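Novice: Before I ask anything, here is the structure I am working with.
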Amino acid sequence: MGAAAALLLLSACGSGDDEPTSHPTDDHTITASVGERFTLTVDGENASTRSHWYLVDPKPDGDVVVARGRERETPSDSDGEVVAGASSSLTFTFEATGEGSTEIVLMHCTFTSTCDTGDGSPAPTPTNGATPTEPERVTYKVTVG
């Protein structure tokens, strides 16, 4: 895994009011129960450095897992002002909808990556004569039972 993915958190929560559970980030297997919501949080989302994370094809099987949105958390200073140019964390939320197995693929695009997100989202392309690189892809195997 690259440096940008140094912080990859996985948490899950059931239908109760319990705090989400963190799981080891180097384990790319997720086990969930039907109806359970879980999140994948990646660090390194930064528009000023053209560093972005996307949920990409192949999308998870909707009969097993459904994406429920994403939320960006940007650092702020002691006055509550957003810190210009700071990296944000991006949390993708999913819900286990039915029994089975599927995969979730996240792609990290940077200013040197040539990325096709498959959803029409603007993706960074190499600039300043940089040699294009392959974007980082992180695949999670999800089993819902």
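Where a number appears in this text, it was derived from the coordinates with a stated rule and is not lab data. Being a predicted model, the structure only gives us computed values, none of them experimental. In this analysis, Cβ positions are derived from the backbone assuming ideal geometry, glycine residues included, and neighbour counts consider all displayed protein chains.
Novice: How high is the FRET efficiency between residue 67 and residue 131 when r is their beta carbon distance and R₀ equals 22 Å, given to the nearest 0.05?
Specialist: 0.10
Novice: Peptides 98-111, 132-145: what's the order by average Cβ count within 10 Å, highest mean first? Don't skip to the answer; put the middle values down first.
Specialist: Working: 98-111: 18.0, 132-145: 15.4.
My ranking of the peptides, most packed first, is 98-111, 132-145.
Novice: In nanometres, what is the gap between the two model label sites at residue 57 and residue 101, each 7 Å from Cα along Cα-to-Cβ?
Specialist: 2.4 nm
Novice: Shifting gears a bit: Taking the Cα centre of region 25-102 as the origin and placing charges on Cβ (Lys, Arg +1; Asp, Glu -1), which of 98, 84, 55 is farthest toward the positive end of the dipole?
Specialist: Result: 55, furthest along the dipole toward the positive end.
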